[in-house]
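Just below is one structure, and these are the notes that go with it.
Laboratory data are not the source of any read-out in this text; all were calculated from the coordinates shown. As the structure is a computational prediction, the values presented were derived from the model and not from experiment. Don't worry about glycine lacking a Cβ; one is built from the backbone with ideal geometry, like all the others, and counts go over all protein chains shown.
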Amino acid sequence: MSCATDEDRLEHVMVHAGPPPTVGLFLAAESLERAERAACGVVRRALDRRPEFAGTSVVFCGTPFLAPYYEQLLTSASPGGGLLMTPPDQDSAER
């Protein structure tokens with residue numbers, strides 16, 4: 001967090017020990033491209049500034065494609081076609 005600038009709009013950091021270690025950055029960005037660029041900048045500054053990261057390098061910096069994960073959650077939560085709530089009664093005034 002200390003390696004982020006106000007322009008990065010970093011909100012939260014999550015670290016998974018691995019192997020390999022994985023750092024997740026949550027940013028409030030206007031676009032995916034801007035978020036990825038800011039995340040890469042924060043991580044590279046951390047590697048340059050923090051002695052405990054000496055010898056560490058970035059293998060990948062990007063956004064994972066999560067849609068299949070969420071689609072699987074929908075399907076397993078509702079085997080009847082992915083709807084998580086009952087649709088309004090078609091015979092009622094509520095439509």
**Item:** Estimated FRET transfer efficiency (Ala17, Arg49; beta-carbon r; R0 35 Å; 0.05)
**Value:** 0.95
**Item:** Length added when fully stretched, Glu7-Ala29, from 0.36 nm per residue minus Cα-Cα
**Value:** 7.0 nm
